[in-house]
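What follows is calculated from the coordinates using simple rules that are stated; it is not laboratory data. In this text, all values refer to a predicted model and were calculated from it rather than measured experimentally. We place every Cβ from the backbone using ideal geometry, glycine too, and count neighbours over all the protein chains shown.
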Amino acid sequence: MRVWLDVGDSQAELGTKGITLHVYDNAGKKKVGRLRIGKATVEWFPGKTSVNSHAVQLAALIAHLEE
């Protein structure tokens, strides 16, 4: 699956490592976790750790969201 990042006037195709979004609370002080979006999977890493990630196939996530 090809995944593109579109930010304003710039576009980029995701490579093999994907993109990682660091998610903080509304105050911006406490790290809630990281969301990594790759070509084939989406992974959620809760808190500050790199273990205990929750991965789902990107195609399965898209199918679920379209239900």
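Would you work out the charge dipole size for the chain about its Cα centre, treating the Cβ of every Lys and Arg as +1 and the Cβ of every Asp and Glu as -1, and quote it to the nearest 20 debye? Walk me through the numbers on the way to the answer.
Numbers: 9 positive and 7 negative charges, 100 e Å.
For the chain, the charge dipole is close to 480 debye.
Kindly rank 55-61, 22-28, 39-45 from highest to lowest mean number of other beta carbons found within 10 Å of each residue. Don't jump to the answer; show the numbers that get you there.
Working: 55-61: 12.7, 22-28: 8.9, 39-45: 15.9.
The packing order, highest mean first, is 39-45, 55-61, 22-28.
Calculated from DSSP H runs of 4 or more alone, at -39500 (n - 2.57) each and per residue, what is the 222 nm mean residue ellipticity of the chain, nearest 500?
Working: 1 runs with 9 residues, N = 67.
Mean residue ellipticity at 222 nm (helix-derived): -4000 deg cm²/dmol.
Report the per residue volume, in Å³, of the convex hull enclosing the C-alpha atoms of the chain.
Working: hull volume 8.2 nm³, N = 67.
Hull volume over Cα atoms, normalised by residue count, gives 122 Å³.
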